[in-house]
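The values are calculated or read from the model by the stated rules, or taken from the named source; none is laboratory data. Since the structure is predicted, the reported quantities are computational estimates derived from the model, not experimental observations. Note: ideal-geometry Cβ built from the backbone for every residue, glycine included; neighbour counts use all protein chains shown.
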Amino acid sequence: MEEGYVKCNRRNKISTIEFFHPLSNSLPGNLLNDLAETIQRESDTDTHVIVIKSAGEKAFCGGASFNELMAVKNEAEGLRFFSGFADVINAIRTNKKLIIGRFHGKCVGGGVGIAAAVDYAIASEAAAIKLSELALGIGPFVIGPAVERKVGTTAFSELAIDASSWRTAQWAKEKGLFNEVYETIDKLDESVNRLANVLSGYNPEAMAAMKIVFWEGTDHWENLLKQRAAISGELVLSDFTKNAIEHFRKK
């Protein structure tokens, strides 16, 4: 529990994947690996739809683990860490099932990337978003293609450049990141459960074919996201970035 977890529950043709970390649901390398592997595995089960959620009542995802970022000592380690985010996005992209995301709280960095990668995102009004990477001396390179695909270049640039400001869940809905936004968690869960149950009764072959259509033109992402991970893996070694991360850790 102290190190967090990724777990999956299958019921009524629905796979629910939940992750948790005690530090604002941040994502260290082991959780990124477990999350990507779990998503990949559920592609080949007999369930019809996947729901991705995080535990707790506060942040959906606090982004990358600051402790692991500080521990990166060379470009190879940096590439390996940021490749974890690439693997999660590519696992969602290539999964044959339609994936619903449940976003109950704030999304930072990689959390925004997950919101951009799922096929249908349902959020609460508490799910404000921020891409803080540039403020840390790096940038949202790995998740950038997924975010830009959903919200467009202008909105992505706004998020990436104004890295210290939050955008509301309603802003994210207007830009296309979230499909639905609700005032309460109860209404959020009601919508997630309704859609998951409806999709669980649909033809899985038809949904798999639709998934291919939705992601048309992204076959090169396997290489693209790893190239982007290498950029972040190099930048995280700079003194500027180490100092910025240390400053954020002390807040």
In the stretch 221-230, is there at least one residue being without any contact (Cβ under 8 Å) to a residue 60 or more places away in the chain and not small (Gly, Ala, Ser)? yes
Of the residues in the stretch 207-251, how many are of a type outside the set (Lys, Arg), within 20 Å of the chain's Cα centre (by Cα), part of a helix (DSSP H, G or I) and under 20 Å from Glu148 (Cβ atoms)? 11
Yes or no: the stretch 129-147 includes at least one residue that is over 23 Å from Met70 (Cβ atoms), in contact with a Gly (Cβ under 7 Å, 6 or more places away or on another chain) and surrounded by 21 or more Cβ atoms within 10 Å (Cβ to Cβ). yes
If I filter the stretch 35-72 down to residues being among the charged types (D, E, K, R) and closer than 28 Å to Ala206 by Cα, which single residue comes out as nearest to the chain's Cα centre (by Cα)? Lys53
How many residues does the stretch 149-185 hold that are closer than 25 Å to Thr241 by Cα and touching a residue at least 12 places away in the same chain (Cβ under 8 Å)? 10
Per the list (1) touching a Lys or Arg at 6+ places or on another chain (Cβ under 7 Å); (2) of a type in the set (S, T, N, Q); (3) free of Cβ contacts under 8 Å to residues at least 60 places away in the same chain, residue check on Thr47 breaks on (3)
Does the stretch 100-119 contain any residue that is within 30 Å of Ala209 (Cβ to Cβ), β-branched (Val, Ile, Thr) and assigned to a helix (DSSP H, G or I)? yes
Which residues, counting only those in the stretch 75-119, are of a type in the set (S, T, N, Q) and either at pLDDT below 95 or closer than 28 Å to Leu195 by Cβ (or both)? Asn90, Thr94, Asn95
Restricting to the stretch 146-181, name every residue that is closer than 22 Å to Val213 by Cβ and in contact with a Leu (Cβ under 6 Å, 6 or more places away or on another chain). Lys150, Val151
